[in-house]
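Data block below; observations after.
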Amino acid sequence: MAHSIKTASMIRGSLLTALVSALLVVCGLMATTASSASAASYNGACESGEFCMGLYYNLSGGLYDNSGSDPDNNLHNDHFVRNWAQLVGNNTWSIQNRGSTHEILVYDGAGRTGAVACLKRSRGLLNLDGSWWKDRISSYKWVSSCPPGVGVWG
Ligand SMILES: [Ca+2]
Ligand SMILES: [Ca+2]
């Protein structure tokens, strides 16, 4: 009896080991694919292809850098990479669009609601000192061009 229990336990252990190994291989492949496809989002460096937001001016104090979209379109649950204690929503003083093809729409509200403005790639780093938008951005969206009727930083 003791022998059969031990054997079953060993088989389960082997299966678990095989499963963990398979998962590690899959994760390794995913990491390789992601890093070769684009700049590294959330690594604290504002790189080509990314939309970046800084806690303070000149993207200092904490950085949000993302080559894609925020999955839930709500920056109130995202943290600054170099200042994890600080949330991004309603908390940014500087922004930069380093996208390779697209412009960025920023919104006052989460879920892409409320006031909206467009940040072109040509604008470069934008400090929001004296701007109504300082500490107001709560969501954003990549667009192929700034839509008519939307204020543009360009
Ligand atoms: Ca980055
Ligand atoms: Ca979010």
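The values are calculated or read from the model by the stated rules, or taken from the named source; none is laboratory data. This is a predicted model, so every value here is computed, not measured. No Cβ is skipped: glycine too gets one built from the backbone with ideal geometry, and neighbour counts run over all protein chains shown.
Residue under question is Arg112, and the condition is that it be among the basic types (Lys, Arg) and within 16 Å of ligand 1 (Cβ to nearest atom); does it hold? Give the derivation first.
Numbers: among the basic types (Lys, Arg): yes; within 16 Å of ligand 1 (Cβ to nearest atom): no.
When the stated conditions are applied, Arg112 does not pass them.
Quick check on my filter: what residues within the stretch 65-94 are within 10 Å of the chain's Cα centre (by Cα) and either among the polar types (S, T, N, Q) or within 10 Å of ligand 2 (Cβ to nearest atom) (or both)?
Within the stretch 65-94, Asn66, Ser67, Ser69, Asp70, Pro71, Leu75, Asp78, His79 meet the criteria.
Yes or no: the stretch 30-46 includes at least one residue that is part of a helix (DSSP H, G or I), within 16 Å of ligand 1 (Cβ to nearest atom), modelled with pLDDT under 95 and not aliphatic (A, V, I, L, M). Break it down stepwise before answering.
Within the stretch 30-46, the subset part of a helix (DSSP H, G or I) is 30-37.
This time we only want the ones that are within 16 Å of ligand 1 (Cβ to nearest atom), so: 31, 34-37.
After this cut, where a residue has to be modelled with pLDDT under 95 as well, the list is 31, 34-37.
In the following step, the residues that additionally are not aliphatic (A, V, I, L, M) were identified as 35-36.
The answer is yes, given that some residue of the stretch 30-46 is part of a helix (DSSP H, G or I), within 16 Å of ligand 1 (Cβ to nearest atom), modelled with pLDDT under 95 and not aliphatic (A, V, I, L, M).
Could you name every one of the strands (runs of 3 or more DSSP E) located completely within the stretch 59-153 that has at least 3 residues being not polar (S, T, N, Q)? Spell out how you get there, then give the answer.
Numbers: elements: 63-66, 83-87, 94-97, 103-109, 113-119, 139-143, 151-153.
It comes to 63-66, 83-87, 103-109, 113-119, 139-143, 151-153.
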